[in-house]
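Undergrad: The structure under discussion is supplied below as structure tokens; questions concerning it will follow.
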Amino acid sequence: NVYVVACADTRSALLVDAGSFEPEMRAFLQDTQLGLKQVFITHNHYDHTDGLRDIETAFNPVLLGHHQFPGSKARRVAHGDVIRVGNLEARVLDTSGHTPDSFSLYFPGLVFTGDALFAGSVGGTSSPAAASRQLTNIRNQLLTLPGDTEVHPGHGPATTIAMEKQYNPFLS
């Protein structure tokens, strides 16, 4: 449950989620000479946050998400906020429903959806109201992106917005 986004020009990097932090991940960042500056948390579930303490100890990044993480450098984000990774720019999208604090992160051409949208599915919710909110947010925030936008979910394979519009049974 970890993605790395990096700016080729500045070598600045951002992790999307932090389900774990394995030695291979540290080695990858060091071998590619990427400076990890930020971690974006799509939602506050253990399988997306368990690696935070190890990452903070190794790199001391700014944590971006809905929750404040005690003892860390954290910045709360909201729908529409812009996050910069070197020369790259991303926009925070409210995709709440799976959890009240769910966000997606959209870079032109790709979006990281956490557990809001999967290939052929959507994340589980705690109530009919949360399910309705999630589907509304997916339709308004994600399905309005260009069809060729790559979707990188918190679990499972990547997909595209066009594929999900056409084939996802939860969105028809």
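Undergrad: For region 104-124, check the following and say yes or no: at least one residue is at pLDDT 95 or above, over 21 Å from Leu14 (Cβ atoms) and more than 17 Å from the chain's Cα centre (by Cα).
TA: yes
Undergrad: Output yes when any residue across region 96-103 is closer than 16 Å to Asn1 by Cβ, in a strand (DSSP E or B) and in contact with a strand residue (DSSP E or B) (Cβ under 9 Å, 6 or more places away or on another chain), and no when none is.
TA: Yes: region 96-103 contains one or more residues that are closer than 16 Å to Asn1 by Cβ, in a strand (DSSP E or B) and in contact with a strand residue (DSSP E or B) (Cβ under 9 Å, 6 or more places away or on another chain).
Undergrad: Hey, among the residues in region 31-48 that are of a type in the set (Val, Ile, Thr) and open to solvent by less than 20 Å² (accessible area, probe 1.4 Å), which one's nearest to Glu89 (Cα to Cα)?
TA: Checking each candidate, the answer is Val39.
Undergrad: Pick from region 125-154 the residues that are open to solvent by 70 Å² or more (accessible area, probe 1.4 Å) and not in a helix (DSSP H, G or I): which of them is modelled with the lowest pLDDT?
TA: Ser126
Undergrad: Answer yes if at least one residue in region 13-31 is among the hydroxyl-bearing types (Ser, Thr, Tyr) and in contact with a helix residue (DSSP H, G or I) (Cβ under 7 Å, 6 or more places away or on another chain), and no otherwise. Outline the logic, then answer.
TA: Of all residues in region 13-31, those among the hydroxyl-bearing types (Ser, Thr, Tyr) come to 20.
After this cut, where a residue has to be in contact with a helix residue (DSSP H, G or I) (Cβ under 7 Å, 6 or more places away or on another chain) as well, the list is none.
Checking region 13-31: not a single residue is among the hydroxyl-bearing types (Ser, Thr, Tyr) and in contact with a helix residue (DSSP H, G or I) (Cβ under 7 Å, 6 or more places away or on another chain).
Undergrad: Something else about it: In region 49-76, what count of residues is obtained for those that are part of a loop (DSSP other than H, G, I, E, B), surrounded by fewer than 18 Cβ atoms within 10 Å (Cβ to Cβ), in contact with a strand residue (DSSP E or B) (Cβ under 8 Å, 6 or more places away or on another chain) and not polar (S, T, N, Q)?
TA: The qualifying residues number 3.
Every residue, every condition in (1) touching a residue at least 24 places away in the same chain (Cβ under 8 Å); (2) out of contact with any His (no Cβ under 6 Å at 6 or more places or on another chain), yes or no:
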| residue | (1), (2) |
| --- | --- |
| Gly35 | yes, yes |
| Asn44 | yes, no |
| Ala58 | yes, yes |
| Val77 | yes, yes |
| Val82 | no, yes |
| Arg91 | no, yes |
| Asp94 | yes, no |
| Phe107 | yes, yes |
| Phe118 | yes, yes |
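The values are calculated or read from the model by the stated rules, or taken from the named source; none is laboratory data. Quick caveat, the model's predicted, so the values are computed rather than measured. Note that we place each Cβ from the backbone using ideal geometry, even for glycine, and neighbour counts take in every protein chain shown. Surface areas here come from the heavy atoms of the whole protein model, side chains and all, with no ligands, DNA or RNA. Shrake-Rupley method; radii C 1.70, N 1.55, O 1.52, S 1.80 Å.
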